[in-house]
Amino acid sequence: MTAETAAQDASDRPSRRPMRADARRNYERLVEVATESFLANGPNTSLDEIAKRAGVGPGTLYRHFPTRDDLFDAVCTRWTDAVAADARPLLAEEGEPIEALRVWLVKLVDHVGEFKGLASALLLTGDRKQETAGVLHRTSEELIARAQASGDIRQDVSVSEIMQLTTGITYACSSAKQMNKPSSSPERLIGLIMDGLTVR
């Protein structure tokens, strides 16, 4: 069965029922392989090749993702879920607000880097791009507000400014890695930012 015939076959099926354990494993494996493939090869990566690498047939891929756009959405959702999982314990209002912010900013470096890669690989534009990136901004906004409310960090700093600084660290670390040049760790660089933000 080719990708084209599998797509037509999938379009004729009824809406998806709750997935069995094996179907869930196939779904998650397909999204994982698709993420890697799109990042490496761009949005026009062969869906048949993704199915092959995931160890399933094209029909299985198209039962889960009738269109390429559906697969793009699943990749974006996977990334958003990972961000939310990192943010959840930090938003639980346990511990010091400034420490929660520091931990989040270190994680943010990785998340921003992956988002930039996905946005480029999937040619994300407009509403989809804003919706996908929104989880980063919302979490940052809340953690910054808490740290300011507690008096731990400066009141005159904005979410946008901190996001710009974090994005700069992301690009600096990524560029150094690509050119095999030494670089300070994200933890150290975020620590320097926190030193500048902290109220003495």
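Every number here is computed from the coordinates shown, using simple stated rules; none is lab data. Only a predicted model underlies this, so the values are computations on that prediction, with no experimental measurement involved. Using ideal geometry, Cβ is built from the backbone for each residue, glycine included, and neighbour counts are taken over all protein chains shown.
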Could you compute the FRET efficiency for THR198 and ALA92, with r as their C-beta to C-beta distance and R0 at 25 Å, rounded to 0.05?
0.65
Along the positive direction of the dipole of segment 70-197 (beta-carbon charges: Lys, Arg +1; Asp, Glu -1; about the Cα centre), which of ALA121, ALA100, LEU136 reaches farthest?
ALA121
Karplus 3J(HN,Hα) series, Hz, for segment 118-131 with 6.51 cos²θ - 1.76 cosθ + 1.60 (x for Gly, Pro):
5, 4, 6, 5, 9, 6, 5, 9, x, 4, 4, 5, 5, 5
Under Karplus coefficients 6.51, -1.76 and 1.60, residue-wise ³J(HN,Hα) of segment 178-192 in Hz, glycine/proline x:
5, 9, 6, 9, x, 8, 5, 6, x, 4, 5, 5, 5, x, 5
I need two numbers for segment 72-141: Rg to one decimal and Dmax as a whole number, Cα atoms only, in Å.
12.6, 39
Least to most buried among CYS173, CYS76, by other C-beta atoms within 10 Å and fewest first, runs CYS173, CYS76
Under 16 Å from LYS107, Cα to Cα: aspartates and glutamates that are on another chain or at least 8 residues apart
ASP81, ASP86, GLU99, GLU141, GLU142, GLU187
Could you derive backbone 3J(HN,Hα) for segment 154-171 from the dihedral phi with the Karplus parameters 6.51, -1.76 and 1.60 (θ = phi - 60°), listing whole Hz in sequence and x where the residue is Gly or Pro?
4, 7, 8, 9, 10, 4, 4, 5, 5, 5, 4, 4, 5, 5, x, 5, 4, 5
Cα Rg, Dmax, the chain, angstrom units
20.1, 67
In deg cm²/dmol and to the nearest 500, what is the mean residue ellipticity at 222 nm of the chain if only DSSP H runs of at least 4 residues count, each as -39500 (n - 2.57), divided by the residue total?
-25000 deg cm²/dmol
So for R0 = 41 Å, FRET eff. of ALA145-ALA40 from the Cβ-Cβ r, to 0.05, ends up at 0.60
Arrange VAL106, VAL199 by Cβ neighbour counts within 10 Å, fewest through most, would you?
VAL199, VAL106
Can you give the local net charge around LEU90? Use residues other than it whose beta-carbon is closer than 14 angstrom to its beta-carbon, Lys and Arg +1, Asp and Glu -1.
-2
